[in-house]
Amino acid sequence: MAAGGVYVYAMVRAGTVLPEGLCGVGSPPAPVRTIGRGPLRAVVSDAPPGLRARRRDLLAHQELLMRLADEGPVLPMRFGMVASDEETVLARSAADGSRHAAALERLAGRFEINVKALPAQNALAALVAEEKDVRQLREAVRRRPGYEASVRLGEAVTTALARRAAVAGQRLVRDLTPGARAVAAGPVVPGCALNTSFLVDRGDTGAFLARARAFADAHREQVELRLAGPLPCYSFVPSAGRPVPVGGV
């Protein structure tokens with residue numbers, strides 16, 4: 001056992017075959033194994049000393065989870081989940097076994113797609129044309145330039161951009177929700193009007209992303225979208241909050 005403990009990547013069904021050549025975090029990459037009793041297995045490796053959120057290790061963690069998803073349902077752990085020893089992992093797995101098994105069934109054949117909505121920064125002309133208050137402040141600055149007037153204009157532009165992005169983000173959620181199995185609001189991200197994840201069937205991910213991109217194109221003067229996925233279903237594991245089911249199991 002490595003002095004750094006046991007790094008936990010995911011929970012999978014017993015009998016899941018690890019893909020050939022699968023490697024974990026660390027330099028050199030740690031060999032990956034499964035441990036467990038009963039119907040579940042934890043996918044683990046020795047935790048490397050001095051583990052930090054380096055890009056190399058973040059990508060290795062996510063690549064491992066995506067490769068596992070090709071073999072069957074995966075209950076992913078977020079980067080940096082380290083237990084003191086294997087017995088700790090086994091005890092926790094046994095205690096949460098029924099909950100984990102139910103979650104694996106729900107996530108089978110599904111991926112997460114994350115959508116972030118940001119204010120559209122290249123739409124000043126549309127903003128001025130559509131927002132009377134901004135238009136009046138801009139005209140006032142042109143007539144009588146000054147520091148205070150410029151500050152008021154800047155604040156009005158920032159507020160209007162954020163409001164327009166928030167409204168567009170609400171429309172986006174309404175538009176995308178019918179194509180998802182569940183929806184989970186993510187943590188607040190500075191500068192984002194929306195941070196939401198969708199649980200989507202594997203076969204529907206292409207159509208879902210195409211619909212999101214079409215929305216972004218149609219609303220480019222209100223919002224800028226950042227799409228990430230397909231991803232491991234981080235936002236839909238039991239400990240990640242209470243996702244709202246919208247399409248059945």
According to a simple spin-label model (label point 7 Å from Cα along Cα-to-Cβ), what is the distance in nm between Ala108 and Thr88?
3.2
Considering only protein heavy atoms, what per residue accessible area in square angstrom results for region 11-82 with a 1.4 angstrom probe?
53
Which ³J(HN,Hα) values, rounded to whole Hz and listed in residue order, are derived for region 185-194 from phi using the Karplus coefficients 6.51, -1.76 and 1.60 in 6.51 cos²θ - 1.76 cosθ + 1.60 with θ = phi - 60°, glycine and proline given as x?
6, x, x, 5, 10, x, x, 9, 8, 7
Which of the peptides 35-48, 13-26 is most tightly packed, and how do the rest follow, going by the mean number of other Cβ atoms within 10 Å of each residue?
35-48, 13-26
By the mean-Cβ-within-10 Å protection proxy, highest first, 85-94, 100-109 rank as 100-109, 85-94
Across all directions of projection, what mean area in square nanometres is found for the Cα convex hull of region 1-97?
5.6
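The values are calculated or read from the model by the stated rules, or taken from the named source; none is laboratory data. Remember, it's a predicted structure, so these values are computed and weren't measured experimentally. So basically every Cβ, Gly included, is an ideal-geometry build from the backbone, and we count neighbours across all protein chains shown. The accessibility values were calculated without ligands, DNA or RNA, using every heavy atom of the protein model including side chains. Shrake-Rupley method; radii C 1.70, N 1.55, O 1.52, S 1.80 Å.
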